[in-house]
Amino acid sequence: QVHLVESGGGVVQPGGSLRLSCVVAGFSIIDYGVHWVRQAPGKGLEWLAFVRYDGNQMYYADSAKGRFAVSRDTSQNTVYLQMNSLSGDDTGIYYCAKDRLSGYNIQSFDYWGQGTLVTVSS
Amino acid sequence: DIQMTQSPSSLSASIGDTVTITCQASRAISNYLNWYQHKPGKAPRLLIFDASKLETGVPSRFSGTGFGTHFTFTISSLQPEDVATYSCLQYDNVPYTFGPGTRLEIK
C-alpha cells in the first residue's frame, strides 16, 4: 500500500530555513519521481518542485527557484525539501506526492501525503 | 506559465443531483489534465487523469471530458461523502498549475 508521510514543518522566523522530509512506503523513489505541492491559507494548490526517479533532474516553480532545493536519500526512501529565505508567503501546508508513472521524466501525481504545516512568523 | 481558470468557485447541490465543474486552460494542453478531490486534514485524492480516465478505485459517478483548452468534471448522483474541494491540474508544461478550486457543499 502506498503511503507518503511529510514531517519537519513548524514555526520559523522570516528569513529562516526549514527542511521538510517525505518518507514513502509501498514504492521506491528509485522507480518513481516525487513532487512537492503546497497550499497557502485560503488559497488554491501550488505545485513547487519535482525530483525525477533517477535523481538526475529536478524542476522548480518560479516561487521556489533559488530558495528551495529537493534532495533525496534512496537508502531511507526519503525525499527532502530544503527551504531557505522564508517569508510569510511561504506559510501553508506542504504535501509530497508520488509521480503517477515509473521511470518517467515527469508526469502527474497520484498518491499524496497528508501534509505538514509551515508557519513563517516572527 | 499556463493559467487555469475554474468555475464555479463554489456550489451547493442536493443529494442525487448531477454537478458539473469546468476548467479552462490559457493555451492548449492536449489531455494533460487531472481532477483531484481535497478534504480538510486529508491527503488529496486523484479522481481523473488524462482528462477522462477514471483512477482505480474511484466510483463511476465521477467523470471527466475535454481536450485542448476546455475541460469538464461531472459528479452524477451526488453523495454526502462528495463534500470537498475539487481542483484541476494541468501537467502539459512545467510549472504545473492548478485551478483555484471549487468548494462543493450539500444543500
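The number of residues in the range A:57-81 that are aliphatic (A, V, I, L, M), within 14 Å of chain B (Cβ to nearest Cβ) and assigned to a strand (DSSP E or B) comes to 2. Going by what's in this entry, would B:Ala51 be described as within 20 Å of A:Asp110 (Cα to Cα), touching a His at 6+ places or on another chain (Cβ under 8 Å) and at pLDDT 95 or above? When the stated conditions are applied, B:Ala51 does not pass them. Would you mind stating whether B:Asp17 is more than 30 Å from A:Thr116 (Cβ to Cβ), in a loop (DSSP other than H, G, I, E, B) and either among the charged types (D, E, K, R) or within 11 Å of chain A (Cβ to nearest Cβ) (or both)? Considered against the rule, which asks whether it is more than 30 Å from A:Thr116 (Cβ to Cβ), in a loop (DSSP other than H, G, I, E, B) and either among the charged types (D, E, K, R) or within 11 Å of chain A (Cβ to nearest Cβ) (or both), B:Asp17 comes out as yes. Among the residues of the range A:82-106, those identified as in a loop (DSSP other than H, G, I, E, B) and over 16 Å from A:Tyr60 (Cβ atoms) are A:Ser87, A:Thr91, A:Gly103, A:Tyr104. When the range A:27-50 is filtered for residues that are free of Cβ contacts under 8 Å to residues at least 60 places away in the same chain and over 20 Å from A:Gly92 (Cβ atoms), the ones remaining, listed by number, are A:Ser28, A:Ile29, A:Ile30. Filtered by the rule that a residue be facing another protein chain (nearest Cβ under 9 Å) and either within 9 Å of the chain's Cα centre (by Cα) or surrounded by fewer than 22 Cβ atoms within 10 Å (Cβ to Cβ) (or both), the range B:34-45 gives B:Asn34, B:Tyr36, B:His38, B:Gly41, B:Lys42, B:Ala43, B:Arg45. Residues in the range B:88-107 that are under 21 Å from A:Leu45 (Cα atoms) and in a strand (DSSP E or B): B:Cys88, B:Leu89, B:Gln90, B:Thr97, B:Phe98, B:Thr102, B:Arg103, B:Leu104, B:Glu105. Would you confirm whether or not the range B:65-80 contains a residue that is free of Cβ contacts under 8 Å to residues at least 40 places away in the same chain and among the hydrophobic types (A, V, I, L, M, F, W, C)? Yes: one or more hits. Restricting the search to the range B:17-49, which residues are acidic (Asp, Glu) and touching a Gly at 6+ places or on another chain (Cβ under 9 Å)? Matches in the range B:17-49: none.
Candidates B:Val94, B:Val19, B:Val83: the one that is under 16 Å from A:Ser108 (Cβ atoms) and surrounded by fewer than 20 Cβ atoms within 10 Å (Cβ to Cβ) is B:Val94.
Just to be sure, is B:Thr85 assigned to a strand (DSSP E or B), of a type in the set (Ser, Thr, Tyr), away from chain A (no Cβ under 14 Å) and closer than 20 Å to B:Thr5 by Cβ? So B:Thr85 does not fit the description; no. Please work out which one of (1) β-branched (Val, Ile, Thr); (2) touching a strand residue (DSSP E or B) at 6+ places or on another chain (Cβ under 6 Å); (3) in a loop (DSSP other than H, G, I, E, B) is the condition A:Ile30 fails and give its number. Exception for A:Ile30: condition (2).
The values are calculated or read from the model by the stated rules, or taken from the named source; none is laboratory data. These numbers were taken from a predicted model, which means no experiment stands behind them. Every residue, glycine as well, gets a Cβ built from its backbone with ideal geometry; the counts of neighbours run over all protein chains shown.
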